[in-house]
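Enquirer: The structure follows.
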Amino acid sequence: MEAATKQFKKRNAILSCLRGTVLHPSAEMVHEMLREEHPDISLATIYRNLALFKSQGLIQSVGTVNGSERFDADTRPHVHFICTACGAVIDLPDTAAPLSLGRAAEECTGCQVYSCQLTFTGLCRGCKSETKEEAV
């Protein structure tokens, strides 16, 4: 019984961590964020639970950024921007774009669309400013 309670607490902590941030963290980032409060939580536990949450539709993968898969607890259709310099993942406010693209894809192909992930890549505001400063 105690093992099940510990497992539930860890699982809940991982999901709460994801829901409480807009950083779109990797497993390693989640592990780092939880280590102080849960020193016995292993990286393997984080990976297992992220896979479970993803399969249950509680989180989504944003893709791989700088070699690490990143996750988002906001599973509503929305657009992401990924900075190719610093790896920042930013939510864009337009939720209509993925939905309208999905409808267009269905009309063109006759297929049924279940989901759409739209991601822009480039330089975030901070990295863009640094690039301009270096050019001067």
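The values are calculated or read from the model by the stated rules, or taken from the named source; none is laboratory data. The shown structure was predicted, so the numbers you read here are calculated from the model rather than taken from an experiment. Here the Cβ positions follow ideal geometry from the backbone for every residue, glycine too, while neighbour counts run over all protein chains shown.
Enquirer: If I go through segment 107-130 residue by residue, how many of them are of a type in the set (Gly, Ala, Ser) and over 17 Å from residue 91 (Cβ atoms)?
Expert: 2
Enquirer: Need pairs with beta-carbon distance below 8 Å; first residue over 28 Å from residue 70 (Cα atoms) and within segment 107-136, second of a type in the set (Lys, Arg); sequence gap 6+ or separate chains.
Expert: none
Enquirer: In the set 18, 50, which member is among the hydrophobic types (A, V, I, L, M, F, W, C), assigned by TED's automatic domain parsing to the domain that holds residue 7, free of Cβ contacts under 8 Å to residues at least 40 places away in the same chain and in contact with a Leu (Cβ under 9 Å, 6 or more places away or on another chain)?
Expert: Residue meeting the stated conditions: 50.
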